[in-house]
Amino acid sequence: MTDLTAVDATIAPAAKPATRPARPFFSSGPCAKPPGWDAAKLATESLGRSHRAKIGKTRLAYSIDLMRELLNLPDTHRIGIVPGSDTGAFEMAMWTMLGARPVTTLAWESFGEGWVTDAAKQLKLDPTVIRADYGQLPDLSTVDFSNDVLFTWNGTTSGVRVPNADWIPADREGLTFADATSAVFAYEIDWTKIDVATFSWQKVLGGEGGHGVLILGPRAVERLENHTPAWPLPKVFRLMAKGKLAEGVFKGETINTPSMLAVEDAIFALEWGKSLGGLNGLIARSNANAAALGKIVAERDWLGHLAVDEASRSTTSVCLTVEGADEAFIKAFAALLEKEGAAYDVAGYRDAPAGLRIWCGATVETADIEALGPWLDWAYAEIKVSAKAAA
């Protein structure tokens, strides 16, 4: 562990705060359930039934309708529920649509790097790679949109997002593929600029894992119907049937068997979001949470934002730097908070620089973010005192 005695040799033990966050769930995936969630509140009539029965297809279609409504998604775009969470959905898009044009991949955190690896080593497409370090956004003006372009809208492990879609031209030749799993339901997205988007319920909706959502614009559908990949496709990736798009996938007829319990859980979250006024209400909650955490950071000289530029700073997965901290320090810090029931799962992602990561999506209550500040002070002081005693 880093020698912290040099940081402040006069540090003294701190008293435990009197108030804990009521819901100390700050994980960046799976994320906090919506306020008021209770398993007993989930509809269960579809459980124990075939997902192809009328009730199953009706509930799946209803979840798709709710997603369309909350995302303000135009009728030009299709929504499908697919296996494998966001990763499965993005892999499905890559394997079925890439290869027709050169590919550009953008990477400024670990999941973007994952798409680089798949494009280069699995699909062997020799992509153009535009990178930036953790906490930074690459120069988006250098992207060649005659290529297909892959990017993460919100870098979950770096706390960096694209501010908007203004950098994407309307007259692009290639397709845009947006891994939007930490962005949907938290930002306004210009769907005219997005040909393919993917996400999972377990992020901003606080849903269960295992299911991905694939959104296709008309240009993506055209690619599917006019391009045959050079590689074989696993059954769970196949979106075409007899030379045409398998439209049933986008009406609730899933490729494989879904968990109807997970579907009902997602419906609960979507109905909750609708009750807030839809997308604007969800965005407002996330922005309020990020602002509350920003205030905590601004008041402490030992805390900082990994994403220095506020314009590209995430308002969902907020990544923080901690003065003098290494991986062991952060591990101890997070463990202390968890032991006290003050905060769960706040250590930064394993591939990211050592630091904290606090989820500020809409399912988190702002009061719980505010209550977290004193606990961060307490844990920081506790570890420094321990380091001093051990020196």
task: Give the angle, between 0 and 90 degrees and rounded to the nearest 10, that separates the Cα long axis of helix 366-390 from the longest principal axis of the Cα atoms of the chain.
output: 50 degrees
- line: Highest mean packing first, using Cβ neighbours within 10 angstrom, the peptides 66-72, 319-325, 37-43 sort as 319-325, 66-72, 37-43
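Starting from 0.36 nm per residue, how many nanometres of slack lie between ASP190 and THR228 once their C-alpha separation is accounted for? Intermediate results must be reported in sequence, preceding the final value.
Values: separation 38, 0.36 × 38 = 13.68 nm, distance 2.85 nm.
Going from the current span to full extension adds 10.8 nm.
Mean separation of Cα pairs under 8 Å and 6+ residues apart, divided by the residue count of the chain: what relative contact order is that in percent?
On the way: 774 pairs, mean separation 109.8, N = 391.
The normalised contact order for the chain reaches 28 percent.
Hey, any idea what % of the chain's accessible area is carbon plus sulfur with a 1.4 Å probe? Could the numbers behind the result be given before it?
Values: 8220 of 16030 Å².
The nonpolar share, carbon plus sulfur, comes to 51 percent.
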statement: Taking Cα atoms, the helix 327-339 axis meets the longest principal axis of the chain at an angle in degrees (rounded to 10) of 90 degrees
message: Just to verify a number: what accessible area does LYS384 come out at with the full protein assembly present, 1.4 Å probe, Å² rounded to tens?
response: 10 Å²
query: Sorted by mean Cβ packing within 10 Å, highest first, what order do the peptides 90-102, 223-235, 357-369 take?
result: 357-369, 90-102, 223-235
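Obtain the radius of gyration and the Kirkwood radius of the chain from its C-alpha atoms and give Rg over Rh. Intermediate values should be presented prior to the final figure.
Details: Rg = 21.9 Å, Rh = 21.9 Å.
In the chain, Rg relative to Rh is 1.00.
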- prompt: Percent antiparallel among DSSP beta bridges with both residues in the chain, to the nearest 5?
  reply: 60 percent
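Keeping every protein chain present and rolling a 1.4 Å probe, give me the accessible area per residue for the chain in Å². Provide the component values of the computation, followed by the final result.
On the way: 16030 Å² over 391 residues.
That works out to 41 Å² for each residue.
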message: For q values of 0.18, 0.20 Å⁻¹, compute log₁₀ I(q)/I(0) with the Debye formula on a Cα-only model of the range 122-225, without solvent.
response: -0.98, -1.19
- request: Apply the Debye scattering formula to the range 278-390, with a single equal point scatterer on each alpha-carbon and no solvent, then give log10 I(q)/I(0) at q = 0.10, 0.14, 0.20 Å⁻¹.
  value: -0.28, -0.55, -1.09
field: the range 348-391: radius of gyration and largest Cα-Cα distance (Dmax), Å
entry: 13.9, 43
statement: In deg cm²/dmol, rounded to the nearest 500, the helical mean residue ellipticity at 222 nm of the chain, built from -39500 (n - 2.57) for every DSSP H run of length 4 or more, is -10000 deg cm²/dmol
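Just the projected area, averaged over all directions, of the convex hull on the alpha carbon atoms of the range 46-274: how many nm²? Write down the numbers at each step before the final one.
Numbers: hull surface 46.5 nm².
For the Cα atoms of the range 46-274, the hull's average projected area reads 11.6 nm².
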Cβ crowding within 10 Å averaged over residues, with 166-175, 188-197 ranked highest first: 188-197, 166-175
query: So which of LYS41/LYS251; LYS203/LYS339; LYS16/LYS339; LYS121/LYS203; LYS54/LYS242; LYS331/LYS384 end up more than 18 Å apart, counting from Cα to Cα?
result: LYS41/LYS251; LYS203/LYS339; LYS121/LYS203; LYS54/LYS242
query: So how strong a dipole does the range 81-171 carry about its Cα centre when Lys and Arg Cβ are +1 and Asp and Glu Cβ are -1, to the nearest 20 debye?
result: 160 debye
- line: Taking the range 84-165, the whole-percent share of alpha-carbon pairs separated by over 17 angstrom is 43 percent
query: If the chain between ALA328 and SER275 were fully stretched, how many nm would it gain, using 0.36 nm times the residue separation less the Cα-Cα distance?
result: 14.8 nm
message: With the alpha-carbon atoms as the only input, what is the per residue convex hull volume for the range 25-149 in Å³?
response: 183 Å³
With Cα atoms, 0 to 90° folded angle of helix 279-298 axis to the chain main axis: 30 degrees
message: Using the Cα centre of the chain as origin and beta-carbon charges of +1 (Lys, Arg) and -1 (Asp, Glu), tell me which of ILE383, GLY56, ALA132 is placed farthest towards the positive end of the dipole.
response: GLY56
Residues ARG238 and ALA53, FRET efficiency given R0 of 25 Å [Cβ-Cβ distance, rounded to 0.05]: 0.60
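At R0 = 51 Å, how high is the FRET efficiency between ALA43 and GLU310 if r is their beta carbon distance? Nearest 0.05 is fine. Could you put the intermediate results ahead of the total?
Working: r = 41 Å, r/R0 = 0.81.
It comes to 0.80.
The values are calculated or read from the model by the stated rules, or taken from the named source; none is laboratory data. From a predicted model like this one, the values you see are computed outputs, not experimental measurements. Glycine also receives a Cβ, built like all others from the backbone with ideal geometry; neighbour counts cover every protein chain displayed. With ligands, DNA and RNA removed, areas are computed over all heavy atoms of the protein, side chains included. Shrake-Rupley method; radii C 1.70, N 1.55, O 1.52, S 1.80 Å.
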